[in-house]
1. From the Cα gyration tensor of the protein assembly as shown, with a ≥ b ≥ c the square roots of its eigenvalues, which class applies: rounded if a/c is under 1.5, or else prolate if a/b is larger than b/c, or else oblate?
2. When a footprinting reagent is the concern and you count Cβ atoms within 10 Å, what order do A:170, B:114 take, fewest first?
3. Take peptides A:195-203, A:335-343 and line them up by average Cβ neighbours within 10 Å, highest first, as a rough protection proxy.
4. Under the definition of Cα pairs under 8 Å and six or more residues apart, what whole-number percent is the relative contact order of segment A:46-97?
5. How many angstrom lie between the C-alpha centres of segment A:71-89 and segment A:118-137?
6. Quick check: the angle from helix B:77-86's long axis to the longest principal axis of chain B, C-alpha only, nearest 10 degrees?
7. Per DSSP helix of 4 or more residues, -39500 (n - 2.57); summed, then divided by the residues of chain A. What does that give at 222 nm, rounded to the nearest 500?
8. I'd like to compare A:360-367, B:179-186: which one has the highest average count of other Cβ atoms within 10 Å, and what's the full order after that?
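All of the numbers you see were taken from the coordinates with simple rules; none came from a lab. Everything numeric here is computed off the predicted structure, so don't read it as measured data. All Cβ positions, glycine included, derive from the backbone under ideal geometry; neighbour counts span all protein chains shown.
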C-alpha cells in the first residue's frame, strides 16, 4: 500500500510511541536468553537498581544506576581526560558504587575501523575478554566510548548469529580460563547520564538558562545496530535519539537545531590520524560552520570521544581560511559536572580543549581565571615535588562557581 | 581512473587493472563473499542513493557506497577489484550508510574488503596505511589506541599552538588528573595490567591477527612478535 505525503506529515506531527511487537529486527534479549538456556554463553545480569527506557523500535532497555565497571575510552583517557573524570565525578557525587578497572584493554575498534588490521574473531575475542573481566568483578559494564558501544553491539549480533564465531572465540577464551560472557544489555555512559538527568538538575549549582547549544549525536551510538539507542517520545517527537538533548534541556539549556545534525563529525578513524584534510574539511564545513551560520551556539555538545576531538581540534586551521568557527566543544558528562559545580580544571579539565572555551565560561558567570590560578598552584606543588598529583580528595567537593 | 559520467558503464565494468588476472580478481572477491558477515551486510540494492546522501566521504571523494553495494550484488569482479584498489580507504566508517531501506551495510562490506586487501598484501592498502603503523604497534602492544605522548607538534601542526603548550606541560598535566587509572601516565591512555596484556597477545596470535600484520608490514610484525613472545615466555 502506498503511503501518502499527508500520512507521513501526520505521523510526524505528534510524538511517536512505537509498538515493540512490530519491531523489524530480532530482539537481542530473547536471542541471548536462548543461548544462555543452551549453555552457550554466560549472561551477565544487572544487579541492583536500574531504570528502563524505550529504544528505537519501542523495546525496553535497562540502564544500571550503580555497581558499574567503567570500560574506559582510549581517546578520553589519552587526549580528553576531563571527559572520563567527569563521568566518575558524577558517580561520586551520588555515592554510587563503581569500579575503574585496569584489567581492561581498548576494544581496539578505532584501530579496526581505521586499518582493518584484525578480523571478526580477533575483535570478538577482545570484547569477550573484557566482558569476562567485568563479570569476574561482579560489576556491570558501562561503556564510555561510542565506538566501543557500537562495535560491541555489532559483535554481539555476529556472535548470536554465527555459531562458528562463538566456537572460535570460546576456544581462545578457554586458553585464559574465561567463559564467553555477554551482558544482558550493552550500555553507553550517555544512557546513564540520560537516566540520571533529573537527579543532576536537583543538584545544579550553575544556571545555564542563558546558553544556546547544538547537539551532535555520535554516529556509532545510534547508527550501528540502530535499534539499541534510546528514543523518547518527548524529545524530537521520538524521531531522533534522546540522549544528550534530554540532559541539556533538563539543565535549562536552549537546544538549537541545525540542518546537518545527521552528518558525522568527520573523524574517519584513519583520517583523523593520518589524513586530516578530510577530517578538518568535513568538521568545519558540514558541522561547525553550519551551526554557526544557522544558530550561532555558545557551545556544541556530543557524547563520544572522536566527535569531541574532531569538532574541537579541527577549528584552528580553518581560521587561516576565514571560516566561521569558534564553538567550544564538550561532552554531556562535562556539561553535567560543570552544572553541578565541578572544578573547571581539576575535574572538567578545560585546558585539554583547544577551541576557546573562555567566552562560554564567562557567559555562565564563571571567573575561570580564578580557578585557573588555583589550578596553577596545584601544578606548582606537583612540579616542586610537594604533591604527587591531584586526587579525588582535591576534586570531589563541588564549588559555587558563580557569585 | 575515477568513475565519471563518461566512463560509467551500467553493465559489468571494463578491465581497468590488467596487472591482475581475472582469476586473481575473482579469488579476492570470493574471499570477501565467503566472510561469515557478508550475507548480513548485503541484501540487494534499490539504487535509491540514500546511502550516498548520508555519506561524508561521497562529499569529498569520488566515492559511492551505492556503487559498492551494486557491484557486490551484481558480483562484478572487475569493478570490485577497482573498489579494492581505489576506493576502500576513503570510507570514514561512520556507518551513516546503514540507513539503507534494504538493510545493507556498505560500511561493513568495506570493512571486509579492507581485511581481504590487507590479508593479500595489496600495495594500495600498504600505501594508505603508511604512517599508521605506529598506532597499530601501540594498540596491539599496550592495549590502548592512543596516548598523550602522541600529541607532538610535528604530527599535529594543524591543531594549533595548543599542541605545543600541551607538549611542554604534558608530564605535570597528566599528574593533575584525579583518576587513579590514568594519573601520571604519558605513554598509555590508562594503566593496563600485565596479565591483561598477556591475554591480549594470546588473542592476537590465536585469532590469526598476526598473519594480517605480517602481510601489511613485515618489520612491524617482527617487532611485535619479538616483544609479545618474550613476554608470553617470561610469564
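1. rounded
2. With the sparsest Cβ surroundings first, the list reads A:170, B:114.
3. The densest-packed peptide leads the list: A:335-343, A:195-203.
4. Worked out over segment A:46-97, it gives 27 percent.
5. That distance is 21 Å.
6. For helix B:77-86, the angle is close to 30 degrees.
7. It lands at -12500 deg cm²/dmol.
8. In descending order of packing, they fall as B:179-186, A:360-367.
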